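Taking it in order: structure first as structure tokens, then the write-up.
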Amino acid sequence: MSIEPSGMAGDQSAMRAGALKPDDLADILAAVLRAAGCAVDIAGEVAAALVDADLSGHGTHGSRQIDFYVERLKRGEVDGHARPTIASDTGSLIRIAGNRAFGQIAGAFAAHLGAERARRDGLCLICLAGSGHLGRNGRWAEIAAAENVGSLHFGQGIAQSGPVAPHGGREGRLNTNPIALGLPGTTPRTPIVLDCATSAVSGSTIKQAHDRGGLLDAPCLVRTDGTVTADPAAFMSGDAAVMTFGGFKGFGLSVFSEILSTIVATSGDAQPATNSLFSVYFSVETLMDMGDYGDRLAAYRERVTNCPPVPGGDAVMLPGDRSRKARHQAMEAGFTLSADSAQHVRRAAERVGIWEDLADHYPQLRYWRQDPDAGGGDGSTG
């Protein structure tokens, strides 16, 4: 892993001097969380999940979230020692109380339990309420797929009106309401996973573009006057809302995701500043022979991915392939932690009073120059 130092993106010697291994970054993030009041094991698991998001190409849910997490710990919105508990259990339907535990902890607890119960009974529905920011939701689908369990996840609405405009509207009414769908692959390491927000872009993506001083890839923000823009500053100033992807179709999925996660998963008692998740787990090996499944899936993959790409385009991939490829390339050749993400990490370390100690232990961190104009914690649910 290398760091793109602020103001020195083209300086290759600085880039080499700023090199960090993924395990080192995870240790740094864990140290920040421990200093902010997290239990040792919780800090380690959350840090590992953030780095995994970076490695998977989901940087919006990676290391840059760390100062937001520190803010939430300081405000008491998340408890660094809390763990989820089972609130009710009928066998095939389980309610989990998040207890304001970190979402990475609560989500993994729910996913492992859902996969275990689906393997036993064939099917399990889990409602998780009251957790911290869940982060990369594709992780739950990956956990289940490794156990030959398919899964569908709808989340993570919060109680108040959100930043996403309903189709045809020009003010925020919905949350980003991401969905994740997963199926076992031909091997445990090749699951098929779709992980996306029902908004055209996530709130974290907008904040990341704003931090970098650039525009979004496409005009997907609607101003209060009804005009459309790609300028993230309009969103950050409160003058624009995010549009849903795919017009009315994305809006429809967002409605279902928000009702299921905000109302059904929480029994109608969604708490502000918490995330919730409505998940269905089903055992593929209960439905069919896994050997036959693997053969048919391999033939399906071949039929789809051998489609000739458009001129100048990348090879056709199934959902989940890009994240897996990014993770493989990052582990083999390293990846670049962006300057704005580095600033989020530095700001969090300074806030908990360990920046100088970290920089003494990892001298390359001295290349993370402070940028007073970098954005604050994301605070995004999507």
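Just give me the residues in region 57-93 being among the polar types (S, T, N, Q) and in contact with a strand residue (DSSP E or B) (Cβ under 9 Å, 6 or more places away or on another chain), in sequence order.
Restricting attention to region 57-93, the residues satisfying the condition of being among the polar types (S, T, N, Q) are 60, 63, 65, 85, 88, 90, 92.
Within region 57-93, Ser63, Thr85, Ser88, Ser92 qualify.
Just to be sure I understand, how many residues within region 116-137 are surrounded by fewer than 24 Cβ atoms within 10 Å (Cβ to Cβ) and assigned to a helix (DSSP H, G or I)? If you could, list the steps in order and put the result at the bottom.
Restricting attention to region 116-137, the residues satisfying the condition of being surrounded by fewer than 24 Cβ atoms within 10 Å (Cβ to Cβ) are 116-117, 119-123, 125, 127, 130.
With assigned to a helix (DSSP H, G or I) added as a condition, the list becomes 116-117, 119-121.
Looking only at that region, the number is 5.
Looking at region 260-293, which of its residues are part of a helix (DSSP H, G or I) and either open to solvent by less than 50 Å² (accessible area, probe 1.4 Å) or closer than 15 Å to Ala197 by Cα (or both)? If you could, list the steps in order and put the result at the bottom.
From region 260-293, those part of a helix (DSSP H, G or I) are 260-264, 284-287, 290-293; that's our starting set.
Within region 260-293, Leu260, Ser261, Thr262, Val284, Met290, Gly291, Tyr293 meet the criteria.
Of all residues in region 324-338, how many are surrounded by fewer than 22 Cβ atoms within 10 Å (Cβ to Cβ) and either among the aliphatic types (A, V, I, L, M) or modelled with pLDDT of 90 or more (or both)? First the steps, then the outcome.
The first filter runs over region 324-338 and keeps only residues surrounded by fewer than 22 Cβ atoms within 10 Å (Cβ to Cβ), leaving 324-336, 338.
Cutting the leftovers down to either among the aliphatic types (A, V, I, L, M) or modelled with pLDDT of 90 or more (or both) gives us 324-326, 330-331, 333.
Of the residues in region 324-338, 6 are surrounded by fewer than 22 Cβ atoms within 10 Å (Cβ to Cβ) and either among the aliphatic types (A, V, I, L, M) or modelled with pLDDT of 90 or more (or both).
State all residues of region 316-354 that are assigned to a loop (DSSP other than H, G, I, E, B) and of a type in the set (D, E, K, R); if no residue qualifies, say none. Can you show your working first?
First, pick out the residues of region 316-354 that are assigned to a loop (DSSP other than H, G, I, E, B): 316-320, 334-335, 338, 352-354.
Of everything in region 316-354, nothing turns out to be assigned to a loop (DSSP other than H, G, I, E, B) and of a type in the set (D, E, K, R).
Take the residues in region 194-206 that are at pLDDT below 90 and farther than 13 Å from Ala240 by Cβ, then tell me which one is surrounded by the fewest Cβ atoms within 10 Å (Cβ to Cβ).
Top of the filtered list is Ser202.
I'm checking my understanding of the structure. Among residues of region 221-237 that are touching a residue at least 24 places away in the same chain (Cβ under 8 Å) and surrounded by 14 or more Cβ atoms within 10 Å (Cβ to Cβ), which one is nearest to Gly247 (Cα to Cα)?
Val222
In this structure, is Asp357 modelled with pLDDT of 80 or more, open to solvent by 50 Å² or more (accessible area, probe 1.4 Å) and part of a helix (DSSP H, G or I)? Don't jump to the end; show me each part of the working.
On the way: modelled with pLDDT of 80 or more: yes; open to solvent by 50 Å² or more (accessible area, probe 1.4 Å): yes; part of a helix (DSSP H, G or I): yes.
When the stated conditions are applied, Asp357 passes them.
Provide a single number: the residues in region 138-167 that are modelled with pLDDT under 95 and assigned to a loop (DSSP other than H, G, I, E, B).
Matching residues across region 138-167 total 8.
So Leu253 ticks every box in (1) more than 20 Å from the chain's Cα centre (by Cα); (2) open to solvent by 40 Å² or more (accessible area, probe 1.4 Å); (3) within 19 Å of Gly155 (Cβ to Cβ); (4) not charged (D, E, K, R) but one. Which box is left unticked?
Exception for Leu253: condition (1).
Quick check on region 196-211. Is at least one of its residues more than 20 Å from the chain's Cα centre (by Cα) and more than 30 Å from Tyr300 (Cβ to Cβ)?
Our first condition is that a residue be more than 20 Å from the chain's Cα centre (by Cα); within region 196-211, this holds for none.
Checked region 196-211: no residue is more than 20 Å from the chain's Cα centre (by Cα) and more than 30 Å from Tyr300 (Cβ to Cβ).
Let's see how each residue does on (1) of a type in the set (Lys, Arg); (2) outside any helix (DSSP H, G or I); (3) open to solvent by 10 Å² or more (accessible area, probe 1.4 Å):
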site: Asp23; (1), (2), (3): no, no, yes
site: Leu29; (1), (2), (3): no, no, no
site: Asp41; (1), (2), (3): no, no, yes
site: Gly44; (1), (2), (3): no, no, yes
site: Val51; (1), (2), (3): no, no, no
site: Asp54; (1), (2), (3): no, no, yes
site: Arg64; (1), (2), (3): yes, no, no
site: Asp67; (1), (2), (3): no, no, no
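Just name the residue that is nearest to Arg139 (Cα to Cα) out of those in region 175-187 that are crowded, with 20+ Cβ neighbours inside 10 Å and at pLDDT below 95.
Here the answer is Pro178.
The values are calculated or read from the model by the stated rules, or taken from the named source; none is laboratory data. Values in this document were obtained by computation on a predicted structure and should not be read as measured data. Please note: Cβ atoms are built from the backbone with ideal geometry, for glycine as well, and neighbour counts cover all protein chains shown. The area values use the complete protein model at the heavy-atom level, side chains included, leaving out ligands, DNA and RNA. Shrake-Rupley method; radii C 1.70, N 1.55, O 1.52, S 1.80 Å.
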